[in-house]
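This report concerns only the one structure given below.
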Amino acid sequence: MKIGIIGGSGLYKIENIEIIEEINLITPYGSPSDSYLHARYKNFEIYFLPRHGRKHSFLPHEVNYKANIYGFKLLDIERIIGISAVGGITKKPGDLVLTSDFIDLSGRINTFYNDKVVHIDVSEPFCPILREAILESSKNLNIEIYEFGVYAQMQGPRLETPAEIRMLKILGADVVGMTLVSEAILSRELEICYAGINVVTNYAAGIKEKKLTTTEVIENMNRNLEKVKKILFNAIEKIPTQRNCPCSVALKETGM
Ligand code: HPA
């Protein structure tokens, strides 16, 4: 089985797995953020892409999300797990959150279908089967992860104001970030399963009287990376071979 992994800030490579090759792709939508690292883990073929590039060259608004996701499609990947650093609104630094829903305030147009009428259904925005595998593995490993969490996507690259965070809290957001929603939507548009593990790296703006820094985000991500990797590799083994989820038939009855 092939699994795609997208790493966020602080997760630029995955150690301790056998790397087979680096795959450079050019898609009809342009170049992905970096080459895809093809690695083998047990019977699984892993394809890892650092969202911002290995050298963190692309800010959230500069990432070519379409190329990144389409690249996975070209590699025949049907399942992607995205790892993201997020600010905590109802959650605290160090918490892990398995995103269950989102609010998209990024203003980005996330679609592959500019010349066709396709309205993708996102009433269940993340793959329930991938989510189940992640939850089960975190339970087995005794690593706490919040089962539900609403991710608010902002455009970036600046961080939010305290008033924006108060607004997001009223709207029901638990965490805030700049990237994951674009990936989830575009994956669904290509009938690829997607689930997101969020690492809360900082309190969102205004929650504590403290300036937010990128150093804090990276340091907290690094501190929690081992937990995330454990869950990730355990979860991979729990993913059923057959796809039986809404994502696999997402284009049915959409007008495609
Ligand atoms: N806001 C937006 N994106 C983020 C944050 C934040 O506070 N922390 C990590 N990514």
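Only the coordinates and a few stated rules stand behind these numbers; no lab work does. Just so you know, these numbers come straight off a predicted model, no measurement behind them. When we count neighbours, we look across all protein chains shown, and the Cβ atoms used for this are built from the backbone with ideal geometry, even at glycine.
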May I ask for log10 I(q)/I(0) of segment 118-240 at q = 0.13 Å⁻¹, from a Debye sum over the Cα atoms as equal point scatterers with solvent left out?
-0.62
Given H placed on each backbone N at 1.01 Å, which residues far from residue 203 in sequence or on other chains put an amide H within less than 5 Å of it?
88
For segment 114-256, averaging the sequence separation of alpha carbon pairs under 8 Å that lie six or more residues apart and dividing by its residue count, the contact order in percent is 40
FRET efficiency estimate (nearest 0.05) - Cβ-Cβ, residue 251 to residue 42, R0 35 angstrom
0.65
May I ask you to compute the full-extension gain from residue 218 to residue 23, defined as 0.36 nm times their residue separation minus their alpha-carbon distance, rounded to one decimal in nm?
67.6 nm
Loop sites in segment 137-172: trypsin sites (Lys or Arg not before Pro), DSSP, at most 13 other Cβ within 10 Å
158
How much FRET efficiency would the formula 1/(1 + (r/R0)^6) give for residue 171 and residue 147, where r is the Cβ-Cβ distance and R0 is 22 Å, rounded to 0.05?
0.65
Pair residue 124, residue 76: separation of 7 Å Cα→Cβ label points (nm):
2.7
Please list, in order, the residues from segment 196-220 whose amide nitrogen is less than 19 Å from a point placed 7 Å along the Cα→Cβ vector of residue 101.
196-198
Which whole-number percentage describes the relative contact order of the chain, with Cα contacts under 8 Å and a sequence gap of 6 or more?
26
For segment 91-200, run through the chymotrypsin sites (Phe, Trp or Tyr not before Pro) and keep only the ones in DSSP coil with at most 14 other Cβ atoms within 10 Å of their Cβ.
113, 148
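Please report, largest first and rounded to whole Å, the three semi-axes of the ellipsoid equivalent to segment 46-174, where each semi-axis is the square root of five times an eigenvalue of the C-alpha gyration tensor.
Computed over segment 46-174, the values are 23, 21, 17 Å.
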Along each principal axis, Cα extent of segment 2-249, largest first, Å:
47, 45, 34
List the pairs from 139/229; 92/229; 66/139; 55/230; 73/169 whose alpha-carbon separation is above 26 Å, in the order I gave them.
66/139; 73/169
List the residues whose amide H sits under 5 Å from the amide H of residue 102, counting only those 5 or more places along or on another chain, with H placed 1.01 Å from N in the peptide plane.
151
Spatial extent of segment 146-189: Rg and Dmax, with the Cα atoms as the point set, Å:
11.4, 33
For residue 78, what is the net charge nearby, where nearby means another residue's Cβ is under 10 Å from its Cβ and Lys, Arg count +1, Asp, Glu -1?
+2
In whole Hz, with x marking every Gly and Pro, tabulate ³J(HN,Hα) for segment 218-233 from phi via Karplus 6.51 cos²θ - 1.76 cosθ + 1.60, θ = phi - 60°.
5, 4, 5, 5, 4, 4, 9, 4, 4, 4, 5, 5, 4, 4, 4, 6
Reachable aspartates and glutamates from residue 210, criterion Cα separation under 17 angstrom, eight or more residues apart if same chain
160, 164, 219
What is the distance in Å between the Cα centres of segment 198-235 and segment 131-151?
16
